[in-house]
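The values are calculated or read from the model by the stated rules, or taken from the named source; none is laboratory data. No experiment lies behind these values; they were computed from the predicted model shown. Virtual Cβ from ideal backbone geometry, glycine too; neighbours counted across all protein chains shown. SASA here: full protein model, heavy atoms, side chains in, ligands and nucleic acids out. Shrake-Rupley method; radii C 1.70, N 1.55, O 1.52, S 1.80 Å.
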Amino acid sequence: FPGIEAEFAPEVESLARGLGHAPPDVAAPDLQHQALRALPLPRFLLLNYGAYGDGSDTASARRFGDGSFGLGRAQMEYFRSLYLQQPDDRHDPRAAPLLADLRGLPATFMTAAALDPLLADSLELDTRLAAAGVPHRCIVYPGVVHGFTLMSLSLGAARAAIEEAAAALRAALA
């Protein structure tokens with residue numbers, strides 16, 4: 001939030017940042033950018049099935065990216081085009097957190113869907129957070145697709161995921 005961070009900086013330390021799937025790639029690199037500018041970081045990240053890579057061909061994108069599981073490769077490219085100014089921007093760590101130095105990020109809770117073309121991104125972020133020493137937890141929900149937490153009225157796994165995320169958020173901000 002360039003230009004207003006000084007006004008709200010004292011409150012940021014007590015906040016958590018949560019991201020769903022649009023725009024998916026902003027959490028870690030944006031926070032890293034904040035850290036470089038000596039701005040306070042939020043205390044916690046809550047991430048849901050995001051696109052954390054540079055759009056490279058992954059096993060989950062090949063397996064689930066044809067659109068028959070909801071989110072398809074064409075849609076992912078469209079969403080990326082909404083916030084990438086040039087195709088090479090996909091290799092910028094601010095747009096692809098898997099390319100960033102993740103050390104120093106706040107504790108993180110991640111929700112992932114097993115039938116999601118972005119599953120490999122979540123699993124890789126889980127690995128990278130561990131390597132960076134970031135306290136985190138990643139839960140992969142079997143049998144569900146990208147965006148499943150939006151189906152909480154009819155899907156028990158969605159309600160469970162929301163409850164797990166809420167519990168993690170409560171604990172982090174306690």
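Mind checking which residues of segment 136-153 are in a helix (DSSP H, G or I) and open to solvent by less than 30 Å² (accessible area, probe 1.4 Å)?
Selection gives 148, 149.
Scanning segment 49-96 for residues that are within 23 Å of residue 140 (Cβ to Cβ), open to solvent by 50 Å² or more (accessible area, probe 1.4 Å) and either assigned to a helix (DSSP H, G or I) or β-branched (Val, Ile, Thr) (or both) yields 59, 62, 63, 73, 75, 79.
Among the residues of segment 14-30, is any hydroxyl-bearing (Ser, Thr, Tyr) and either at pLDDT 60 or above or under 13 Å from the mean Cα position of the chain (by Cα) (or both)? No, segment 14-30 has no match at all.
Restricting the first member to segment 155-166 and to residues that are on the phi < 0 side of the Ramachandran plot, and the second to residues that are in a helix (DSSP H, G or I), the beta-carbon pairs closer than 6 Å and six or more apart or on different chains are 158/148; 158/149; 158/151; 161/149; 162/149.
Suppose the filter is under 22 Å from residue 171 (Cβ atoms) and open to solvent by less than 20 Å² (accessible area, probe 1.4 Å); does residue 118 pass it? No. When residues in segment 121-130 are screened for being open to solvent by less than 10 Å² (accessible area, probe 1.4 Å) and touching a strand residue (DSSP E or B) at 6+ places or on another chain (Cβ under 6 Å), 2 of them pass. Taken together, the residues in segment 56-98 that are touching a residue at least 40 places away in the same chain (Cβ under 8 Å) and on the phi > 0 side of the Ramachandran plot amount to 1.
Just one of 133, 156 is loosely packed, with under 13 Cβ neighbours inside 10 Å and more than 22 Å from residue 120 (Cα to Cα); which is it? Among 133, 156, only 156 is loosely packed, with under 13 Cβ neighbours inside 10 Å and more than 22 Å from residue 120 (Cα to Cα). From the set of residues in segment 159-171 that are closer than 18 Å to residue 43 by Cβ and over 17 Å from the mean Cα position of the chain (by Cα), which is surrounded by the fewest Cβ atoms within 10 Å (Cβ to Cβ)? My answer is 170.
Taken over segment 131-143, the criterion of being within 15 Å of the chain's Cα centre (by Cα) and under 22 Å from residue 116 (Cα atoms) is satisfied by 136, 137, 138, 139, 140. Among the residues of segment 98-109, some residue qualifies, meaning at least one is among the basic types (Lys, Arg) and assigned to a loop (DSSP other than H, G, I, E, B).
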